[in-house]
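The values are calculated or read from the model by the stated rules, or taken from the named source; none is laboratory data. Keep in mind that this is a model prediction, so the values were computed, not measured. Counting neighbours? That spans all protein chains shown, and the Cβs are built from the backbone with ideal geometry, glycine included. Note: accessible area is taken over every heavy atom of the protein model, side chains too, but ligands, DNA and RNA are not part of it. Shrake-Rupley method; radii C 1.70, N 1.55, O 1.52, S 1.80 Å.
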Amino acid sequence: MKIIVCCKIVPDEQEIGVLPSKELDLSKASWKISQYDLNAIEAAKKLSSETSGFLTALSVGRSSALEGTKIRKDILSRGPEELALVIDDTHMFSDSLETAKAIAAALKSTDGFDVVLCGTGSGDLYSQEVGIQVGALLDIPTVNNVTDIRPNGNILEVERTLEDGIEVLEVTLPAVLSVTSDINVPSVPAMKEIMRAGKKPVHVLEVPLTDALPSINNLSQQVPDQQERRMIIIEGDDEEAVESLYQFLKKEIL
Amino acid sequence: MPFQSIFVISEKKESLYELCFGARKLSDQVTAVIFGDRTAAENVADCGAKCVLYCPTESCIPEDYCKAIASEVKKSPCALVLLNNSVRSRCIAGKLGAYLDTAVITCASEIVADNGDIVCKRTVYGGAAISSQAFTGSYGVITVGNGIFGDIDAKYPVTEKIEQISEKPECTVKIIARNEKKSGGTNLAAAKRIVDVGRGLASEEDLDMCNQLASLLDAEVGCSRPVAENNKWMPISNYIGLTGTTVKPDLLFALGVSGQVQHIAGINKSKVIVAINKDKNAPIFKNADFGIVGDIYKIVPALIKKLS
């Protein structure tokens with residue numbers, strides 16, 4: 001089975017600063033694999049081993065995110081045999097369709113695939129729509145919120161968790177699946193895998209993205225006003241502390 | 001781009017009324033799309049829509065109608081589509097967006113008309129920022145966060161225009177089983193008081209202590225993402241945060257919650273936040289009204305004694 005796992009490289013949210021204009025300062029943030037895509041990579045690795053498949057990772061983005069060898073190795077140390085990249089600085093990839101069109105174009109340029117796996121959403125924009133839109137653009141089956149994948153010959157039996165129930169679906173291939181962040185616990189790459197990652201091939205694809213135009217205009221992006229909090233903080237867990245807590249609760253709600 | 005007409009798509013009656021109420025604030029030309037038979041459509045004829053289109057689903061799932069719905073939407077030269085933010089709705093939204101050549105604005109926390117434009121707000125970067133966005137094309141698809149339109153305070157006439165959608169469904173995945181989930185029964189989004197359990201809890205048995213505190217405070221119990229997802233000590237539906245449930249209780253009592261930005265984004269509408277954590281540098285204290293730097297295993301039992 002040929003499996004392609006999509007992963008987005010995003011700024012590390014712990015390192016995002018705030019400018020005096022209340023806009024985000026991404027300039028000092030380092031790049032990392034979007035955390036929900038780690039679950040997609042893990043699920044892809046498992047499916048690949050169950051089907052004696054071949055796993056390729058795909059990432060689309062700007063050069064600032066994708067040029068670094070560290071991030072490339074990080075992806076490759078987690079299971080994929082090769083990495084395909086679409087690097088394009090003329091796009092912001094800031095809406096779900098723009099990104100989906102770029103991924104669809106990249107997928108069309110490959111020599112075929114059986115399954116494309118995506119995470120539930122990206123750590124930065126979290127629209128949770130890219131996988132679905134990729135499937136719809138390619139006109140192939142697509143399922144979101146997948147919590148289990150069981151290969152059965154050339155079809156997949158897929159469990160999808162909804163708010164009020166669980167669906168078991170039969171999906172013919174090729175297909176695009178978006179997995180949840182609780183489908184697995186991503187494993188930490190072993191030293192051997194980290195060493196091997198540097199030797200795995202990285203292909204920079206030449207894919208024209210002329211169709212991938214944005215359909216959303218970002219008018220502004222501002223840090224929300226922080227809710228005023230009293231911040232009465234006391235230290236210690238003795239009787240006195242418990243009594244002040246009790247008095248506070250009594251005054252507020254009891 | 002002004003959107004003259006709005007399509008509201010919903011698989012649930014409650015969210016249909018809520019979305020139609022919101023849609024009517026933006027336009028009089030509202031079409032409701034529901035999944036079910038003519039009787040189901042007649043039952044919601046007073047939702048506020050000019051027309052109710054029904055999609056029978058005896059032998060398929062709602063997603064199979066996406067192309068059919070897109071054809072209906074395309075009959076308007078420009079239109080907005082509103083859905084709730086459920087898993088299935090997001091799937092329908094994404095497909096419709098692809099067929100209508102538009103991105104989806106997911107989980108909008110505000111939708112307002114501004115000079116003929118529809119401007120949406122949504123949270124990005126795990127709660128670090130709020131983005132204001134507008135569609136640039138003739139169509140737009142939005143999934144709407146819970147309760148953003150407020151209480152429904154309007155009554156609408158019953159519409160006579162009830163029609164079956166004209167195109168047939170296209171089955172792309174086959175459903176082979178469906179199990180209703182046993183419901184936990186907690187509705188955190190509506191809870192007035194919440195005990196919020198974090199990773200500071202050492203073991204699953206210690207939830208007893210938290211439950212006991214909650215019952216004395218007449219509170220529901222929620223948790224942070226890792227407690228549900230990694231430890232699996234509580235159902236996924238009980239985790240609070242930007243990607244889980246967003247809450248707005250009068251009192252939120254955080255036990256051993258560190259206060260990651262995504263979690264704070266889920267609790268910052270609480271009126272009063274009380275926090276106990278061992279680590280005095282935990283970000284939760286910057287978001288608390290009252291905090292104790294100390295051991296939950298000493299403080300909570302002592303507090304339970306006082307409250308009983």
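Annotations
- Magnitude of the charge dipole, the protein assembly as shown, Cβ model with Lys/Arg +1 and Asp/Glu -1, debye to 20: 400
- Label separation (A:GLU23 vs B:ASP218): 4.9 nm, computed from points 7 Å beyond Cα along the C-beta direction.
- Couplings 3J(HN,Hα) of the stretch B:277-290, computed from phi: 7, 5, 8, 6, 8, 4, x, 4, 5, 6, 10, 10, 7, 9 Hz, in residue order, whole Hz [Karplus 6.51 cos²θ - 1.76 cosθ + 1.60, θ = phi - 60°; x for Gly and Pro].
- Centroid-to-centroid separation of the stretch B:267-300 and the stretch A:162-220 [C-alpha atoms, Å]: 36
- Summarising the amide proton neighbourhood of A:ALA84: residues at separation of 5 or more, or on other chains, whose placed amide H is nearer than 5 Å comprise A:ALA57, A:LEU58, A:SER59, A:HIS203.
- Residue-wise HN-Hα coupling along the stretch B:267-274, computed from phi with Karplus coefficients 6.51, -1.76, 1.60 (Hz; x: Gly, Pro): 10, 6, 8, 5, 5, 10, 10, 10
- Counting only DSSP beta bridges whose two residues both lie in the stretch B:5-164, roughly 25 percent are antiparallel.
- Per-residue ³J(HN,Hα) for the stretch B:61-78, Karplus 6.51 cos²θ - 1.76 cosθ + 1.60, θ = phi - 60°, Hz, x for Gly and Pro: 10, x, 4, 5, 8, 4, 5, 4, 5, 4, 4, 5, 4, 5, 5, 8, x, 8
- Positive end of the dipole of the protein assembly as shown (Cβ unit charges, origin at the Cα centre): among B:ALA23, A:THR56, B:CYS55, the Cα lying farthest that way belongs to A:THR56.
- Nonlocal amide H pairs with B:SER86, under 5 Å, H built at 1.01 Å: none
- Take the Cβ atoms of B:GLU42 and A:TYR246, set R0 to 45 Å, and the FRET efficiency comes out at 0.20.
- Listed residue pairs exceeding 29 Å between alpha carbons, taken from A:LYS251/B:LYS25; A:LYS70/B:LYS95; A:LYS108/B:LYS95: A:LYS251/B:LYS25; A:LYS70/B:LYS95
- Chain A: DSSP helices with Cα axial extent of at least 18 Å and average Kyte-Doolittle hydropathy no lower than 1.0: none
- Residues in the stretch B:107-155 occluded by at least 20 Å² - accessible area, probe radius 1.4 Å, against chain by itself: B:ARG122, B:VAL124, B:TYR125, B:ALA128, B:ALA129, B:ILE130, B:SER131, B:SER132, B:GLN133, B:ALA134, B:THR136
- The residues of chain A expose, per residue, 45 Å² of accessible area to a 1.4 Å probe.
- Cα centroid separation, the stretch B:238-266 to the stretch B:1-37 (Å): 30
- Normalised Debye scattering of the protein assembly as shown at q = 0.07 Å⁻¹ gives log10 I(q)/I(0) of -0.43, counting only Cα atoms as equal scatterers and leaving out solvent.
- B:SER237, A:SER34, ranked by accessible area, largest first (probe 1.4 Å): B:SER237, A:SER34
- The stretch B:1-144: projected area of the alpha-carbon convex hull, averaged over directions, in nm²: 8.1
- The dipole here belongs to chain A: it is taken about the Cα centre, uses +1 on the Cβ of Lys and Arg and -1 on the Cβ of Asp and Glu, and is about 1060 debye.
- Accessible area of chain A belonging to carbon and sulfur atoms, whole % at 1.4 Å probe: 53
- Accessible area ranking (1.4 Å probe, heavy atoms, ligands and nucleic acids excluded), largest first, for B:GLU18, B:GLU58, B:GLU167: B:GLU58, B:GLU167, B:GLU18.
- Fraction of beta bridges assigned by DSSP in chain A that are antiparallel (%, nearest 5): 45
- Once the partner protein chains are put back, the stretch A:83-105 shows a loss of at least 20 square angstrom of accessible area, versus the chain by itself, at A:SER96, A:LEU97, A:LYS101 (probe 1.4 Å, ligands and nucleic acids excluded).
- Mean residue ellipticity at 222 nm, helices only, chain A: -8500 deg cm²/dmol; runs of at least 4 DSSP H residues each add -39,500 (n - 2.57), and the sum is divided by the number of residues.
- When the surface is traced with a 1.4 Å probe over the full set of protein chains, A:MET195 keeps roughly 120 Å² accessible.
- Alpha carbon centroid spacing (whole Å) that separates the stretch B:106-159 from the stretch A:94-123: 26
- Surface/4 estimate of mean projected area, convex hull on alpha-carbon atoms of the stretch B:197-263, nm²: 4.2
- Scattering from the stretch A:145-221 was approximated by placing one identical point on each alpha carbon and applying the Debye formula without solvent; log10 I(q)/I(0) at 0.13, 0.18, 0.26, 0.27 1/Å stands at -0.84, -1.00, -1.08, -1.13.
- Gyration tensor verdict on the stretch B:188-307 (Cα atoms; rounded if a/c is under 1.5, prolate if a/b is larger than b/c, oblate otherwise): rounded
- Fraction of alpha-carbon pairs over 27 Å apart in chain B - percent: 50
- Beta-bridge orientation, chain B: approximately 15 percent antiparallel, per DSSP, counting only bridges with both partners inside.
- When the pairs A:LYS28/B:LYS269; A:LYS28/B:LYS278; B:LYS13/B:LYS181; B:LYS121/B:LYS269 are compared against a 23 Å limit on Cα-Cα distance, A:LYS28/B:LYS269; A:LYS28/B:LYS278 fall above it.
- Solvent-accessible area buried by B and A, counting both chains, probe 1.4 angstrom, square angstrom: 7100
- FRET efficiency for the pair A:HIS203 and A:GLU15, taken as 1/(1 + (r/R0)^6) with r the Cβ-Cβ distance and R0 = 25 Å, rounds to 0.30.
- Cα-based shape type of chain A, given that a ≥ b ≥ c are square roots of the gyration tensor eigenvalues and the cut on a/c is 1.5: prolate
- The stretch B:137-216: C-alpha gyration tensor shape, a/c 1.5 cut-off, then a/b vs b/c: prolate
- Check: the stretch B:232-306 dipole with +1 on Lys, Arg Cβ and -1 on Asp, Glu Cβ, in debye: 120
- With a Förster radius of 60 Å applied to the beta-carbon distance between A:GLN226 and B:LYS168, the computed FRET efficiency rounds to 0.70.
- From the C-alpha gyration tensor of the stretch A:192-254, square roots of 5λ in Å: 55, 28, 9
- The angle between the Cα long axis of helix B:296-307 and the main principal axis of chain B comes to about 90°, on a 0 to 90 degree scale.
- Computed over chain A, relative contact order equals 23 percent, with contacts defined as Cα pairs under 8 Å that lie 6+ residues apart.
- The orientation-averaged shadow of the Cα convex hull for the stretch A:18-99, equal to a quarter of the hull surface, comes to 6.7 nm².
- When the Cα atoms of the stretch B:80-195 are aligned to their principal axes, the ranges along those axes come out at 46, 46, 38 Å in descending order.
- Averaged over residues, the count of other Cβ atoms within 10 Å places the peptides A:108-119, B:113-124 in the sequence A:108-119, B:113-124, highest first.
- Share of carbon and sulfur in the accessible heavy-atom surface of chain B [1.4 Å probe, %]: 47
- Each distinct pair of alpha carbons in the stretch A:62-161 adds a 1/r term; the inverse of their mean, the Kirkwood radius, is 15.2 Å.
- Contact order relative to length of chain B, as percent, for alpha carbon pairs under 8 angstrom and 6 or more apart: 15
- Built amide H within the under 5 Å cut-off of B:VAL8, gap 5+: B:THR31, B:ALA32, B:VAL33, B:LEU82
- In terms of accessible area, using a 1.4 Å probe and ignoring ligands and nucleic acids, A:THR180, B:THR243 rank largest first as B:THR243, A:THR180.
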